[in-house]
Amino acid sequence: MSGTKRPEGIEIDTARIAVPGVSASTATEKTPFEHSTDTDDVLAKMQQSLAKIPIAAATGSRVRDKGSSSDDYAALLTVSRAINSTLVLDDILKIVMEQAIELLRAERGFLMMLEEDGKLCVRSAHNFRKDSVDTTEDFRISRTVARQVAETGEPVYTSNAQEDQRFADNKSILELNLRSILCVPLKTKDRLIGVCYLDNRVATRPFVRDDLYLFNLLAEQASIAIENAKLYRDLESLKIYNESIVEQTPAGIIVLDEDLRVLTFNNMAENIFREPEVDWTAEQLAVQRVRFTDLIPAPDRIWWEDTLDLVRETQQTQVKDPYYHNTSSKEKVLSVKISTLNGIEGESPKLIVMAEDITEKAILQKYVIISEKLVAKAESAAAIGHELNNYLALISQHAELLPIYLERKQLDKMPGSCQGILDNIDKMKRFTDGLMDFSRMETELVEYDIRYLIEDQLFSLKPHQKFARTKFECKFDSNLPVIRVDVGQIQQVLLNLFNNAIEAIETIKSRRSKITIAVRHNTQHGNIEIMVSDNGPGMPEEVREKLFEPHFTTKTGGHGLGLYNCKKIIENHGGQMIVESKPGKGTTFTVRLPVTNKFASFDS
């Protein structure tokens, strides 16, 4: 209440008047604006209202002298105009009480509003001097009268409450020495919103019956003004709330009229589209109704005009992500969405532009791509190093055998080791030639006996110290056909499997290594199956499921590319590679190679 202290007493939080049967929800309904400023309309409304007001029987009730009613109506009209001169609720409440006390010559007046919890709370209290009432003694009123009016919705009038039998048991009336009382409901469309109360403690100034008519008419006008003020306050709150959302949203929001002139331009939109050397604000754009396209740099203006026109004509949303916005100082990357915004009925649809600055996001994505490329290069380098190490391991094995053969004078075995060195050097050369030509590692296919391929591989491994204590057991079908394979790559796969098996078995120190190689011809599926089994510790399911993923390893210092590359080699041959393993029961790798083969190039 502007300039007025809220009085203490029965209506303030600690002691408000509870109204039985009045629910809190009744205070939340809304009604349209019903301002009336035309004199004839107001007077007509007064006459209609007079016919509806019941006359409350009361001791000593009197009627005003004839001829005073026109003056009262004129005064009431003046009061009505004063009430409707503002939409500020506290101002209206103050005006109502001040004018009511002056018009009806009351000693005190109180206006109580019905709160959401169904209780009456004093919102305005004044005395005959038009001063606000703020003392506990001055504030005391008859709760019974206020509660009765709120419950029944009917006005209460008495010219002498001390002798009125209706209030004979009312202690507050006797204690306060109240004489005449007027109390009327404040209602809009038969919905109670509060009560208005006047009283006199002076016997020489009693209210007369006609005062009730005037007070009730004043209450009707006040009710409409109060409800309109509430609606206006709610609309203002909603407007502020919506504006706050628009201003605080991380995206730029621009609303344009049919001529592409700015209606709304939030702060984020200003940050996005405002040039450093241009002096304007979002508020100025909306006030001056600047065309939005005039804010766009000339090279991009045609795109904006065409796109905005397209959205307006087709009513279809257009999205541009990313949109590169060139300013005089730097380039911004935006995500732009343009759509129609339906306004009030009868008005042309508006256009709404939502623009989000995703420059940092775009830069981050570029860094992510660069990082991914670097990681890919690192993975390729690791894969290349792994393959070369395998070739070098075979060369090293043969090289270690040469001085042994020489020392033992087993010269007949030396040519085989020398040839093994030369063969692996040739394989390394083919591998590196492919890398230098920026081409994929190609598969050199030849028709080969898979049994001879495996036996030759085992022959070259047995002299190696790592496999000295390993027992190899081979089982071959008798009807194995010749297949087309890259001998070096298949031997590389087998070498990886043998190495892994040995390393796994060595974790069980009391167990001697045993590797079983079984090869069979599956005529039903048209392939050859090579099964490499070990008597190692096996592996749990969670390890087995990740075994062929790049960089997954269970070895200390391992790089996790061996089995990944093996699987790619077999798939490049048009085959499959699977693994079966259970803890404590060893591991079996199965390589399936098609008998009739169509090959794809191997992507290293």
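Table for the structure above
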{"item": "FRET efficiency, 1/(1 + (r/R0)^6) with R0 25 Å, evaluated for LYS471 and GLN410 via beta carbons", "result": "0.55"}
{"item": "Entries of LYS409/LYS585; LYS409/LYS568; LYS413/LYS568; LYS471/LYS568 with Cα pairs more than 32 Å apart", "result": "LYS409/LYS585; LYS409/LYS568; LYS413/LYS568"}
{"item": "Computed label-point distance, nm, for sites ASP306 and GLU163 using a 7 Å Cα→Cβ extension", "result": "9.4"}
{"item": "Sites ARG544 and SER237 - FRET efficiency at Förster radius 56 Å, r taken between beta-carbons, to 0.05", "result": "0.30"}
{"item": "Potential lengthening between THR507 and SER244 on full extension [0.36 nm per residue; Cα-Cα distance subtracted]", "result": "87.9 nm"}
{"item": "Estimated FRET transfer efficiency when R0 is 60 angstrom, pair GLU313-THR78 (beta carbons, to 0.05)", "result": "0.60"}
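Any read-out appearing in this document is the output of simple, stated calculations on the displayed coordinates, not a laboratory observation. In this text the structure is predicted, and so the values were computed from the model without any measurement. As a convention, Cβ positions derive from the backbone with ideal geometry for all residues, glycine included, and neighbour counts pool all protein chains shown.
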